[in-house]
Amino acid sequence: MKRNYLIDNTKLFLVFFVVFGHLIENLIGSNVELKIIYLIVYSFHMPMFAFISGMFSRREINKEDIFKIINSTIIPLIVFQFFYETFQVAATGKLSNYTIHLQPYWILWYLLSLFCWKLMLPIISHFKFPVVISFIIPVIAGYSSMSLT
């Protein structure tokens, strides 16, 4: 398969914004302009990652595809979760709230989300307006005041 340099460059651009967003995150409480920039960056960079991931996902999956998805998302999630938790226990002597609440560690949420998205794609793609539904549900969830913790 021939590389698509537009996609590669877009992912590089988005990775830059991930790093940039994390760099300014601690400064947004004291600087209104940085908070505006932060909110703009976070309004598009992760949805774009999800969109690009969806571009390379299959509409139909079989048992072999499920094993590939597990190997590329869940196995790395478990391995890195183990390493982060081992460091947490060594540093503090106790388990993190992530493990206690069965949540992925702070920076590993994307792997779990990607796993869920790839499994949901074959279901959602059978709906009449899958893109509209895939847009409306997360927007409603993002503005919901309900807390799961």
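The values are calculated or read from the model by the stated rules, or taken from the named source; none is laboratory data. Keep in mind it's a predicted model, so treat the numbers as computed, not measured. Neighbour counts run over all protein chains shown; Cβ positions are idealised from the backbone, glycine included. Surface areas here come from the heavy atoms of the whole protein model, side chains and all, with no ligands, DNA or RNA. Shrake-Rupley method; radii C 1.70, N 1.55, O 1.52, S 1.80 Å.
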Selection from segment 51-99 of residues among the acidic types (Asp, Glu), open to solvent by 70 Å² or more (accessible area, probe 1.4 Å) and over 17 Å from residue 117 (Cβ atoms) yields 64
Pairing a residue in segment 44-57 that is in contact (Cβ under 8 Å) with a residue 60 or more places away in the chain and under 17 Å from residue 109 (Cα atoms) with any residue that is open to solvent by less than 70 Å² (accessible area, probe 1.4 Å) and in a helix (DSSP H, G or I), where Cβ atoms lie under 7 Å and the two sit 6 or more apart in sequence or on different chains, gives 49/14; 53/114; 54/121
Check: Going by the conditions given, is residue 124 free of Cβ contacts under 8 Å to residues at least 12 places away in the same chain and open to solvent by 60 Å² or more (accessible area, probe 1.4 Å)?
Finding: no
On the given criteria, is residue 102 assigned to a helix (DSSP H, G or I) and not hydroxyl-bearing (Ser, Thr, Tyr)? no
Taking segment 100-120 and keeping only residues that are open to solvent by 90 Å² or more (accessible area, probe 1.4 Å) and over 12 Å from the mean Cα position of the chain (by Cα), one is left with 100, 101, 102
